[in-house]
Each structure stands twice: as C-alpha cells, then as structure tokens.
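Every read-out reported here was derived from the displayed coordinates using simple, explicitly stated rules and does not represent laboratory data. Computed from a predicted model, the values in this text were never measured in an experiment. Don't worry about glycine lacking a Cβ; one is built from the backbone with ideal geometry, like all the others, and counts go over all protein chains shown.
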Ligand SMILES: [Zn+2]
C-alpha cells in the first residue's frame, strides 16, 4: 500500500560543512525481476549495499520511487506536463497510469521504517535502526512491484508488449559534498545517481529480445542474439527489410509469448543506473569498434522493429563511429558493449542509460544517426561523468550536444542545415536560403530566437526553471555554441587536452560546474571569466562591431566597438576576393589597444586585403552579425546591398533581404484584390521590422492596402520590461458603396506596446500595456476622427484554465466640416475565464464586461457601448476586418459581428451612451463544433415620460456552431427577452437574419500587422 505519512523533518547538513572534501558514496545493487506481460507488471526483489564514504554518520537514506510519478496527475511529473500544455497524462485513465508498491524494507536483516515525502509520492526515506557510521556499510533489502504505465507519457512504459523499463527500482538519492539530493521524477529534468556495481537478473517469456545495461552473462542468450544477427543480415541481403513506415503501424501485432521463461543476468561496475528494453519483434544487428587509445574492442548492438527497419540497417555504423569519436576527443569508452534500441515510443528523440539507449521514431537516416550519436554520447556526459543533471543540465546535455555537432561536422565536412531536415528537398532548402547555412547554425538560430527577444535564460539553471523552448535553446544549443567558441579560441589540440583531462580526473565521479571551470582554466592557462561568469551564468549578449578605420602616423587601425555586455576574445579575419588570408584572435583580457572599455583600435596591414570580418567562421554566439564586416574600399564600407527573396528565409549575416509574396483579399466594395506583400520580417526577430501590402481592387478599380513599421527595444534582463515596441500602421480601403462610386477611409495609427518581463519565466501570467493614437478620415461625409487609447492586459495562458483581464481607456473626438466638435471619454473592463473540461479542449467560457462613459458629447451611436458586439458600421476605429462594413439587411454580410462590447449575438440596435454591463456564457459540447451560449446584461434607458433613467435587464440564449474552430463561428439566437423579441418584430428582422457570424483573422496574421485591440 502506498500511504502518505505526515511531515518528518530531516536535518540536511549545511552545504558549507560538506563543501570541504570530495567524497562519493558507493551503492551496489542486486535485483531479481520478473516481467508479467499480461498485467504489465514487474515483481522484483532488490538488495542494496550502501557504503558510506562520507565523513559523517547517516541515520536516514533518501530513496527515489520514480514509478510513482505516474500514479496521479498531481505528481511533480503530472504538474510539469500540464504546465507545459501537455494534457495526455492529466486526462489519462487509471489503466494507463503506473506506480510502485509492495515495499518492505529491511536493513541488515531487520525491518526498518520507510516514510514518504510529504508532497512527492516518488520520494521517500528509510530510517535506519542504527546509523551507518563514516566508512561503514549497510545491506538494505526490499521486494517491490511496478505497474508499468503507458509509454505515451514519459520514459518508463509499455506499448502493448514492448517494454521500456527505466527509472523503475527503489534507488538511494545522492549524498555528496552539498548534502542529500532527493528529487521527484520529471519529464523536463534528468537525474543524479550514485555509482556502484549492478547485478540484475531478468525473467521473462523466452521469445523476448532484450537490450540492457551491463554485460550479458548467459552464453545461451548470446548465441540466440548472434543467431538473430545472422537472420537479420540474411533478411537485409534478400531485401526483406525495406520498411520505412511512418504512419501505419502494421507490426503492432505481437507474436504470442512463450510459455517457458528465461532468466538473463547482466552485470556492470562503475555505473549509476540500469535500464532494460524487451520486445518480441526485435531484429538484431551486431558490430564492433576498435577504441583509438587503448585499442580495446567494444561490441555494438542494434535492436529494432520493422517500423524503420531500412534506416536501422545502418545503425551499427553510427554506433561504431560515435564510440570512436567520443573516445578520441574525450577518452576511451570504459565498458564492453553499447546497445541502441528502437523504442517505438510515441514521441521522437531518444533517452540515454549506461550502455543502452532508446531511440524514438526518426523519419530519416540523418535523424537516426544524429539521435543515436547524441544518446550514445551520453555514456560520457551523464554515464561516465556523472554530474547532477537536474541542477546543472548543461554539463550533460550541453557538452554532449557540442560533441554530437562536432561529430557531424567531422564526419560530413561541409554539412549544412539541410541535414537537419532529412526529407526536405534540396530545392526547397535553397529557396528558403537554408542550404548555405552550416550545420552548427541550428544552435545559433535556436539561441537567437529567444535571445533576440529578451526571452532567453542563462545556461546555469536548474532544469525545472526553464521554459520548454529555453530548455532546448539554452541548455543544449547555447552550451554547444559557447563550447564551440572555446574550442575555436583554444584550438583543437589544447581544447581536447583540457576535455581529456576533465574526463580522466572526473570519470565515475560527480563533477560540479566549478570542477570543470577549475580544470579548464588551469589546463588552458587562460582567463575564462567571460565564459563561466558571463556566457554561462547570465544572459549577457555578445555584439562586436567594426565601425571604421583610423589612420595615425602612417599606420592604419581598425576601430572595433563592443556593443554587447561581454568582454570576450574575438577573431578577426582578413580577406582578399572572399578568401581568408589570415585570422587573428584578439584576447580581451590582455587587450593593449583599448581606448576605453567599449572601443578598441587594432593595428592592421591592409595590403592584399579587401574585406575584414569579425568571427568569419561563425564560432561566437553573436547577437547581431550585420555589423561584423567592413570593406577596405568603396563609399559604404559597412553597408550591405539589398537582396530580394520570395516568401521566407532566415536572417543571414551578410545580406539585407527584402521578402515578397503575392497576396489576395476581398471585401464588398473593393471586390477581389490582388497585391504584393513586401516585408523584412524574418527569423529571428529584428529590431526594425516593416511590411507594405499594396492591393489593387478589381471592384473599385483603386489601389488600397495597409502597412506597418515598428522598432523594438530590449532592455537588459534585469529590467522589468521585456520589449518596447514603437511603431505605426496605416490602412486604407473602401468601406461603402455610394451613389457615384465608393467611400474610402484612411487610418494612420502610431503606437507604443510594452511587454513586461516575467519574473518567473515559467509563469503563465503575462502583462502588457498598449497605447495608440488613431487618426481616421472617412471621405463620404468628410468625417474626421481622432482617438487615443490606453490598454492594460493581464493574461494567464495555462492550458486548462486560461484567463484574461483587460482594462481600456479611450478618449476621442469627431469633427465634421458642417457640424460641431464632438468628444467623449470612455473606459471598460473585460474579464474572460475558460475551463477546458476534456481531452479535446472543449470548454466552458465566461466573459464579464462593463463599459462606462465619463463624458459623451457625441451624437453618433457608433461610439456607444453596443449591447451586441460591434458590426462593421460600428467599428469606427477600423480595428477589425469586415467583409461588408456598411451593408444592411437583407445582405448577409451585415450579419458579421465582432465579439466585443456587450457580447450579445442577436443584431439588436440597443446601445448605451452612459454605461452597460453584461455576462456572456459559452458552453462547447463534447460533440465536435456544437455549443450553447447565454448572454445577460443591463443598461440604463432614458424614459421620456418620467424623465428618468430606468435599468433594462435583458437576456438571450442560443446555439453555437464552429465552422472552423477559432476562426469562423456562427451564433443562432433561439430564446430572448420579450423586449428584444419585440424589437426584432418591429424591425421585421426574421429568424435567419438574427443569425450572426464572426471571423477571427488573427490566426491568419503571422506578423500581427492588424492590431486587433479590443473592445
Ligand atoms: Zn541528451
């Protein structure tokens, strides 16, 4: 039984006490486990020899019981998945969940008390009957049973009778210099475990093929695997393994399990985890690789199903090469075998364990190689160098990503980014400009995506503090970038010497970031403050610029400006006819030519040089490469020519690109429109962005269109502002058919947007401020209007219960040549809350609205708070897209509605020039696209007879139908207050004419050109 006991506090020794001397516990495991493939359970017995090498005696030992992470959606795993928008586990049934139970701990043969962590069911602690003294040891035993969860959720699981048995047994947490490290199991966030010897015996039906950590001790089973290897080779020869199926899954049928069981025994020393994978359908291929230093031989195994068999036929070559290069650069692989298993797990990617790795569906040979190399590489950065992955994930994922990228660059010289997109044709790659980007640049773009927007996070952070995007972009990609930078700066041989020393000193141990720093600084003899203090611990950016030349006393100096936040070494290359003549590294730590902190003069010889470039080889994480080069001749030495490109592309260091794409549009008055969109928006975000969208309307025979230009400012992260955007947009279309043609509007709107920085980057709360000024002229009656608006918006974007509060202020005036000056001041508050109740994200949403005029000297009902949302005519600030703005019944275009203001759906003419308050409820039924809605509201109406205001209470109820979810919605009013009903009877609005539709074009608006600010 699993019972949560009350809080039992355990003193953790202060880290300062422990920081003095390095020590490491030894934990040896012996496990006998039996698989039941009918009930998907494991029954096991475990013996743990715990040797206390610390200088302290211990009365408690923390344990991880990670299968309990799958016990409920309120576990740390469940909460993290939900926070990341993954609802599979939250809505999963009991059948697909998992847990560990039947524990009965004994220490040295005597029953011992075991308690669960007060908030994590997957952490517990064993209370020793007598403390284990410094240098002493205890023998801990327990039986346990694991219910294996569905593999769709995380790393432990089964898909039918295919088993991925990982993080599956009770295991002591690490006790090191810094104290105990108990941690709940997480998806985003890996592990930290003690080294020791594993001796694991697995019993299962005889026809399973198993890939596992450790050396297999059963000769009979080795013969069986060797036979399968031969069989697989025959099948390849006869071309029987040609499958590369990506969608259908014919081989999900499993052969029946043998009645007879077999017991396989695996042993390994100097490892800190044990995983195994079992499937009756596995093909087997075997190979061997000679290690570069010791010349020992390592056996490699590939175990795979039919699913991507044709790709896996080459897997051993990837395994062999990975082992060879990682050994060459870091130190020889110390074990005898490496196994890669085709995991058939739902998600792609892979997961590493000592000696064995599981690989998800990969889709292409290139992808399979990259994932295999990465996961095998973890044998070094995780397996042998057993760092604390949860607290310092960059030490394993980052250093490993650096190495796997180096592998691809070494093995496939000149490899470009297209390797990442196996299956994408070379022509397509070329048309988007991806073919001439080097393979490594994936790290740079991944980093820049958030670094440019001030949304990046430091490399040195705990795994659970990252947003999902930054976990990849910073931990994997930025780390790979900065270590490539270090390698370029130190040179390959010094760098390799440093990393090999790190490996030799820390293998089979628990290195901390400071240990790597000490070692690299010592071995390289360089000051690495810029790397460890700035690039790893902060989000400071690198941006060096060449600003010109200076001539002095017959000498020429290159003017360099450090526009970034980091003082780091950088390289300068001298080119002639685009060929690099030589490259120099400028070492900031000893830079002699500095004018001040941010400006440097570097003496150069311009003979036989026509261009100079900073970081020619793209080794540095430069935030802005457009200022990195200069020509020695010509008028605009640092400017780049403009290039035109179709549709999309990524930013290039050398080119100023203007993109173009044809666009089409339609409205009632301009008719079908054809235009050309011109823009410089690219990936990643730029400071200055603009777009121009001229159209020709075949209905109006006029040129119409819209455009936008804005500039982003990004204060350094310590500020509370993530991004300031200053810009302006312009639009002009026809909005009405009049006697002798069309009436046309023009809108010019400068704006300022402020995006506030989140204190906790994983928080779902975000707040913004927008200000804009709207100048609008309508030429039909020489109508001019101006309006200033200020909005504050607070949103919560969590997946199941998103919410938003918006406060708006608007002050404006209308002037007509033949009329009086009219002005108004109004304010509103809108709150929306949604509750998604099922896996399809069908939900119930509630919206509350209140609008109020402080002042209203206008005679136009357009300005009023509308009881329903705004129609085209009422959208006086031209914020939204209407296909027939001024159409009237019976034209169905007049039934287009913007869901704002009072939010009623029936096309009532009721509005208020003083105040209005409403509530809108929408219920989406679990039947796709169908729903119900109900609106209630109140507004004052002036009664002439009694000369006073009377409050009117109104309601309506109707049906809702999504033509395209979140894009086109249709509302059918069915039942309403008698006052509304009599209004429609009086106005002769038929049932069909009461139906309204909404079109939300935000989804079709990639550059957020149309600032649809409500209400
Ligand atoms: Zn990894």
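Using all C-alpha to C-alpha distances in the range 63-142, build P(r) with 5 Å bins and read off the rounded percent in each one.
Going out from 0 Å in 5 Å bins, the range 63-142 shows 3, 14, 20, 17, 14, 11, 8, 7, 5, 1 percent.
Give me the Debye-computed log₁₀ of I(q)/I(0) at q = 0.15, 0.20, 0.25 Å⁻¹ for the range 22-71, equal point scatterers on Cα only, no solvent, two decimals.
With no solvent term, the Cα-only Debye profile gives -0.62, -0.89, -1.09.
Where Rh is the Kirkwood radius over the Cα pairs of the range 48-107, the temperature 37 °C and the viscosity 0.692 mPa s, what D in µm²/s does Stokes-Einstein return?
Estimated diffusion coefficient is 231 µm²/s.
Viscosity 0.692 mPa s, temperature 37 °C: what is the translational diffusion coefficient of the range 778-885 from Stokes-Einstein with a Kirkwood Rh over Cα pairs, rounded to a whole number of µm²/s?
203
Could you tell me how far the Cα centroid of the range 875-903 sits from the Cα centroid of the range 736-754, in Å?
15
For residue 961 and residue 701 in the same chain, what is the full-extension length gain: residue separation times 0.36 nm, less their Cα-Cα distance, in nm?
Computed gain between residue 961 and residue 701 is 90.0 nm.
With a 10 Å radius around each residue's Cβ, average the other Cβ atoms per peptide and rank 604-612, 500-508, 163-171, highest first.
The densest-packed peptide leads the list: 163-171, 500-508, 604-612.
Just to be sure I follow: if Rg is taken over the C-alpha atoms of the chain and Rh is the Kirkwood radius over the same atoms, what is Rg/Rh?
Taking Rh as the inverse mean 1/r over Cα pairs, Rg/Rh reads 1.02.
Over all directions, what mean area does the Cα convex hull of the range 529-582 project, stated in square nanometres?
5.3
Dividing the alpha-carbon Rg of the range 484-573 by 2.2 N^0.38 Å yields what?
1.40
Taking the convex hull of the Cα atoms, report for the range 869-961 its projected area averaged over all directions, in nm².
Dividing the Cα hull surface by four gives the mean projection, 7.5 nm².
Cα gyration tensor of the range 313-365, axes a ≥ b ≥ c as square roots of the eigenvalues: rounded (a/c below 1.5), prolate (a/b > b/c) or oblate?
prolate
In Å³ and rounded to a whole number, note down the convex hull volume per residue for the Cα atoms of the range 745-807.
108
For the range 93-132, with equal point scatterers placed on the C-alpha atoms only and solvent neglected, what are the log10 I(q)/I(0) values from the Debye formula at q = 0.23 1/Å, to two decimals?
The calculated log intensity ratios at q = 0.23 Å⁻¹ are -0.84.
Rg over Rh of the range 128-241, using C-alpha atoms and the Kirkwood radius, what does it come to?
Ratio of gyration radius to Kirkwood radius for the range 128-241: 1.06.
So for each of 546-554, 917-925 I average, over its residues, the number of other beta carbons within 10 Å; can you give me the resulting order with the highest mean first?
In descending order of packing, they fall as 917-925, 546-554.
So, R0 is 25 Å and r is the distance between the beta-carbons of residue 683 and residue 726; what FRET efficiency does that work out to, to 0.05?
0.70
Mind checking the angle between helix 479-490 and the chain's longest principal axis? C-alpha axes, 0 to 90 degrees, to the nearest 10.
60
Tell me the relative contact order for the chain as a rounded percent, counting alpha carbon contacts under 8 Å between residues six or more apart.
Relative contact order for the chain comes out at 5 percent.
Peptides 76-86, 359-369, 678-688: what's the order by average Cβ count within 10 Å, highest mean first?
Most protected by this proxy first, the peptides run 359-369, 76-86, 678-688.
Specify the inter-centroid distance of the range 660-684 and the range 65-134, based on alpha-carbon positions, in whole Å.
Between the Cα centres of the range 660-684 and the range 65-134 lies a distance of 56 Å.
Which number comes out as Rg/Rh for the range 431-554 once both Rg and the Kirkwood Rh are worked out on C-alpha atoms?
1.04
Where the Cα atoms of the range 828-884 are projected onto their three principal axes, how long is each span, largest first, in whole Å?
49, 31, 16
Computed FRET efficiency, Cβ-Cβ of residue 84 and residue 22, R0 41 Å: what is it to the nearest 0.05?
It comes out at approximately 0.70.
At each listed q (0.14, 0.23, 0.24, 0.31 Å⁻¹), what is the log10 of I(q)/I(0) that the Debye formula gives for the range 136-183 modelled as equal alpha-carbon point scatterers?
Listed by q, the Debye log ratios stand at -0.55, -0.92, -0.94, -1.15.
Using 0.36 nm times the number of residues separating residue 72 and residue 758, minus their current alpha carbon distance, what extension gain do you get?
Fully extending the segment from residue 72 to residue 758 adds 244.0 nm.
On a 0 to 90 degree scale, rounded to 10, what angle separates helix 513-524 from the longest Cα axis of the chain?
For 513-524 against the chain, the angle is about 70 degrees.
Averaged over every viewing direction, what's the projected area of the C-alpha convex hull for the range 54-188? Give it in nm², one decimal, please.
Across all orientations, the range 54-188 yields a mean hull projection of 9.0 nm².
Determine, for 765, 915, the number of other Cβ atoms within 10 Å of each Cβ, and report the residues in order from fewest to most.
Going from sparsest to densest Cβ surroundings: 765, 915.
With axes computed from alpha carbons, what is the tilt in degrees of helix 978-987 against the longest principal axis of the chain, rounded to the nearest 10 within 0 to 90?
Tilt relative to the chain: about 60 degrees.
What do the square roots of 5 times the Cα gyration tensor eigenvalues come to for the range 268-360, in whole Å, largest first, as semi-axes of the equivalent ellipsoid?
Over the Cα atoms of the range 268-360, the ellipsoid semi-axes are 23, 15, 11 Å.
Once every DSSP H run of n ≥ 4 in the chain is given -39500 (n - 2.57) and the sum is divided by its residues, what mean residue ellipticity at 222 nm do you get, rounded to the nearest 500 deg cm²/dmol?
Calculated at 222 nm, the ellipticity per residue is -4500 deg cm²/dmol.
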